[in-house]
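Here the structure comes first, spelled out in structure tokens, and everything after it is commentary.
Where a number appears in this text, it was derived from the coordinates with a stated rule and is not lab data. Fair warning: this is a prediction, and the values are worked out from it, not measured in the lab. With ideal geometry, Cβ positions are generated from the backbone for all residues, glycine too; neighbour counts draw on all protein chains shown.
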């Protein structure tokens, strides 16, 4: 039996690296089993981000270590564009195209935001990220969140469209360290741990 040591600092570094090389960095998307998948590998680490959809696009990020069968961390996200910005059957073709173009603008801004993810909070974007005074990103992360368990909600507000602070995009996320029956967690400090995984 092999003991695999996962250092939380190295895990955080790789999550950030994977995000910046993946969706945030315009990484190459592959279609696997009907889903859009972005893969990034560095040594024994593998980052996989998969999602499906456009206006509403739930997805999941998974980090593997040692081999492609040993997931060590996972985070799911779900949400999308505001209801009034999703094409409806009553919309004419021009309206649908405008909504699609606007969503692409918002998603490009989201990519810019996610490119500023940090190792201190390697989950989504920073707490607050503005593009001038017109469009702003907010990340309301639950107090006490860390790599062991994290949850929160992100929002994008476009002040060009309304003054009621209604988000044009919102998404919830929840992530967790994968700890199996025979794994052992060793705390080094409040935000630093070692996970000992038993690999056959």
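Principal-axis analysis of the Cα atoms of the chain puts helix 93-114 at an angle of about 40° to the longest axis. Between helix 8-21 and the chain there is an angle of about 40 degrees, using the helix long axis and the longest principal axis of the Cα atoms. The ellipsoid equivalent to the alpha-carbon distribution of region 19-64 has semi-axes of 19, 11, 9 angstrom, derived from the gyration tensor eigenvalues as √(5λ) and listed largest first. Against the empirical 2.2 N^0.38 Å (N residues), the chain has a Cα radius of gyration ratio of 1.12.
In the chain, the DSSP-assigned H stretches of four residues or longer account for a calculated mean residue ellipticity at 222 nm of -6000 deg cm²/dmol, using -39500 (n - 2.57) per stretch and the full residue count as denominator. Taken over region 43-87, the alpha-carbon convex hull comes to 61 cubic angstrom per residue. Centre-to-centre, using Cα atoms only, region 58-77 and region 136-182 are separated by 18 Å.
Among 106, 3, sorting on how many other beta-carbon atoms sit within 10 Å of each Cβ, with the fewest leading, yields 3, 106.
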